[in-house]
1. Extending each Cα 7 Å along its Cβ direction at Val76 and Arg141, get the distance between those two points in nm, one decimal.
2. With N residues in segment 3-237, what two-decimal value do you get for its Cα radius of gyration over 2.2 N^0.38 Å?
3. If you stretched the chain out fully between Leu69 and Ala162, how much longer would it get, using 0.36 nm times the residue separation minus the C-alpha to C-alpha distance?
4. How much mean residue ellipticity at 222 nm does the chain get from its helices, if each DSSP H run of length 4 or more adds -39500 (n - 2.57) and you divide by all residues, to the nearest 500 deg cm²/dmol?
5. Take the alpha carbon atoms of segment 56-112, find their center, do the same for segment 161-240, and report the distance between the two centers in whole angstrom.
6. Which order results if Arg141, Arg146, Arg165 are arranged by neighbouring Cβ count within 10 Å, fewest first?
7. Report the extension gain between Ala220 and Arg62 in nm, rounded to one decimal, defined as 0.36 nm multiplied by the number of residues separating them, less their alpha carbon distance.
8. How do Thr43, Thr163, Thr217 line up, fewest other C-beta atoms within 10 Å first?
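Where a number appears in this text, it was derived from the coordinates with a stated rule and is not lab data. It should be emphasised that the depicted structure is a prediction, and the values quoted were computed from it without experimental measurement. Every residue, glycine among them, receives a Cβ derived from its backbone with ideal geometry; neighbour counts consider all protein chains shown.
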Amino acid sequence: MVTRLAMWSGPRNVSTAFMRSWDSRDDTIVVDEPFYAHYLRETGIDHPGRDEVIAAQENDWRRVVDALLAPVPDGVRVLYQKQMAHHLLPGMGREWLAAMTHAFLIREPRPMLASLAEKLGELSLLATGLSQQVEIFEYVRRRSGRVPPVVDARDLLERPEATLRALCAALELPFQPAMLAWRAGPRASDGVWARHWYARVEASTGFDPAESERPVTLTAAQAALEVECRPLYEHLHAHRLQP
C-alpha cells in the first residue's frame, strides 16, 4: 500500500531539509511544491524565478492532482509531497484530499518571518501560509475524525531522530536512520526555483540545531505581523508531536 503523504508547510519552515530527509529513504519518492506554478499563475504574485516556474511546471491544479494520484514505481512505499499550504487556493477542489495522508510542519513565527523577509521583502499573513495551514488542518480533522500529526521545526532541528521516530510512528511507517543525513548539493527532484531558495539546504548534510538559535531581529512591521501569526501557530503547536 502506498502512503501519499501531503506534508503541509509554510515557507521557511525547514521544509526543504525535511524533503531531503524523506528523499533519503529507500522506499520514498518526493515531489517538490507541485502547485507552485498554478499558484503563481492564478495570483499574479511576483516571486523570484516566476516565469521560469510557470514555464517548467504543470499550471493546471487538476492535472497536478491526477499526477499525485497516479501509480508509482514498484518498490515505492511513500509518495512524499512537500506542499505549501498557501498554494491551495480557495478555487481549488478539496475532494482529492481524502486520498492523501496528511501531516503538518510548523515553525515559530519570529525566525520564519525573518527568513522569509530575506527572500520577499514586504510580507503579509497570507504569504506565511499559517492561516491556510489551520484551514487545512481543521478540514482534515473534521473529515477524518483524527488529529493529523504536527511537527515543529525546532523539535526537528534539535531532536531530529526522536522527532522523526514519533512522526513515522504516527504515520504507521517504519523509521529509517537514513532520514538523519544526506549528501550536500542539489537534487533532480528539486523545483527549478531551487537556485533562488535552496542555497542553505544544498550546503547541508543533516538537520542543524544551530539553525534554531540564529539571532532574529524583526522590523516594526514584521513584529506586528508576528502578533497576527502567533495565535495561528499556537493553535497548531498545541497538537504537535512531542518527541
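1. Going by the 7 Å Cα→Cβ label model, 3.1 nm.
2. Cα-based Rg divided by the globular estimate yields 0.96.
3. 30.4 nm
4. -12500 deg cm²/dmol
5. 17 Å
6. Arg146, Arg141, Arg165
7. 52.9 nm
8. Thr217, Thr43, Thr163
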